[in-house]
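Engineer: Please find one structure pasted underneath; my questions will follow.
The values are calculated or read from the model by the stated rules, or taken from the named source; none is laboratory data. As the structure is a computational prediction, the values presented were derived from the model and not from experiment. Don't worry about glycine lacking a Cβ; one is built from the backbone with ideal geometry, like all the others, and counts go over all protein chains shown.
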Amino acid sequence: MHQVAPDGEYELAGIFLTHAHMGHYTGLMHFGREAAGTVNIPVFAMPRMKKFLSTNGPWNQLIKLNNITINALSDNHPVKLNQRLKVTPLLVPHRDEYSETVGFLIDGSNRKVLFIPDIDKWSKWNRDIVNEIKRVDYAFLDATFFAGGELPGRDMSEVPHPFVKESIKLFSQLSKMDRQKIHFIHFIHFNHSNPLLQDNSRAQQIVFSEGYRIAKAGLRLSL
């Protein structure tokens, strides 16, 4: 494994990519010889994502120099990492200009996690998100925007993430226990316009009062 934190507390064993939008894969640049100069970091990617990295610079240089090794993923086919952990990619609808988009179902020894950081409206998915939440112990979900109108002068239908307000309404049918599984993702995918970024904001009060959580960097969960 590869040390990625100066205090040596964390080690990087591999990376699962969701898609080829800025911020979701460009961190790979830091593995190159200009930076960390890593050796054969396993990178798991769907077919179009794999082709994108293999045929475009500077990403293909990471492969040629063995900074990373691409491992192919397939929709709904689990990857067994060890005796305790497996990861299953799930195709989700999104703006797929350069690659597919996936979320992940993560199975641990005792608990399951649903990780969907980037998706269009829930109604476009061929899975029922409410039922998917019921099947897991934790759900980390897209919370890019809290509500409409956050991007003045732009057509928000061009970036059709599920608004947190829409998700709250949809998930209101869930039990209190199931709602407590849901973590709106703070450290990956809040747009800077999202009022959930502001501590003690009205938006945060709404989320917490309805029994949901906000996932922040440093959160640790036992699987």
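Engineer: Among what's in the stretch 64-87 and is loosely packed, with under 14 Cβ neighbours inside 10 Å and among the polar types (S, T, N, Q), pick the residue that is farthest from Ala45 (Cα to Cα).
Structural biologist: In this case the residue turns out to be Gln83.
Engineer: Give the residue that is nearest to the chain's Cα centre (by Cα), with candidates limited to residues of the stretch 99-126 that are buried (at least 19 other Cβ atoms within 10 Å of the Cβ) and polar (S, T, N, Q).
Structural biologist: Restricting to residues being buried (at least 19 other Cβ atoms within 10 Å of the Cβ) and polar (S, T, N, Q), the top hit is Thr101.
Engineer: Residues in the stretch 127-148 that are modelled with pLDDT of 95 or more and more than 11 Å from the chain's Cα centre (by Cα): how many?
Structural biologist: 12
Engineer: Which numbered condition trips up Phe104, out of (1) outside any loop (DSSP other than H, G, I, E, B); (2) assigned by TED's automatic domain parsing to the domain that holds Gln180?
Structural biologist: (2)
Engineer: Let me ask something additional. Name, by its number, the condition in (1) assigned to a loop (DSSP other than H, G, I, E, B); (2) of a type in the set (S, T, N, Q); (3) within 23 Å of Met22 (Cβ to Cβ); (4) not assigned by TED's automatic domain parsing to the domain that holds Lys181 that does not hold for Asn71.
Structural biologist: Only one criterion in (1) assigned to a loop (DSSP other than H, G, I, E, B); (2) of a type in the set (S, T, N, Q); (3) within 23 Å of Met22 (Cβ to Cβ); (4) not assigned by TED's automatic domain parsing to the domain that holds Lys181 is unmet by Asn71, namely (1).
Engineer: Can you confirm whether Pro89 is on the phi < 0 side of the Ramachandran plot, assigned to a strand (DSSP E or B) and not assigned by TED's automatic domain parsing to the domain that holds Lys181?
Structural biologist: yes
Engineer: Here's something else I'd like to know. Can you give me the number of residues within the stretch 127-144 that are of a type in the set (Val, Ile, Thr) and surrounded by fewer than 18 Cβ atoms within 10 Å (Cβ to Cβ)? Write out each step before concluding.
Structural biologist: Start the filter on the stretch 127-144 by keeping residues that are of a type in the set (Val, Ile, Thr), which leaves 129-130, 133, 136, 144.
So of that shortlist, the ones also surrounded by fewer than 18 Cβ atoms within 10 Å (Cβ to Cβ) come out as 130.
Looking only at that region, the number is 1.
Engineer: Going by the structure shown, is Ala143 closer than 21 Å to Glu100 by Cα, touching a residue at least 24 places away in the same chain (Cβ under 8 Å) and touching a helix residue (DSSP H, G or I) at 6+ places or on another chain (Cβ under 6 Å)?
Structural biologist: On the way: closer than 21 Å to Glu100 by Cα: yes; touching a residue at least 24 places away in the same chain (Cβ under 8 Å): yes; touching a helix residue (DSSP H, G or I) at 6+ places or on another chain (Cβ under 6 Å): yes.
So Ala143 passes the test.
Engineer: Can Ile182 be described as in contact with a Leu (Cβ under 7 Å, 6 or more places away or on another chain), crowded, with 19+ Cβ neighbours inside 10 Å, at pLDDT below 95 and closer than 29 Å to Gly108 by Cβ?
Structural biologist: No.
Engineer: Failed condition for Val136, given (1) in contact (Cβ under 8 Å) with a residue 12 or more places away in the chain; (2) under 18 Å from Phe208 (Cα atoms), with all others met?
Structural biologist: Failing condition for Val136: (2).
Engineer: Moving on to the next point. Suppose we filter Arg48, Arg33 for residues that are of a type in the set (D, E, K, R) and outside any loop (DSSP other than H, G, I, E, B); which single one remains?
Structural biologist: After applying the criteria, what remains is Arg48.
Engineer: With in the same structural domain as Phe171 (by TED's automatic domain parsing) and either touching a residue at least 24 places away in the same chain (Cβ under 8 Å) or in a strand (DSSP E or B) (or both) as the only criterion, which of Arg127, Arg95 stands out? Write out each step before concluding.
Structural biologist: Numbers: Arg95 fails: in the same structural domain as Phe171 (by TED's automatic domain parsing).
The conditions single out Arg127.
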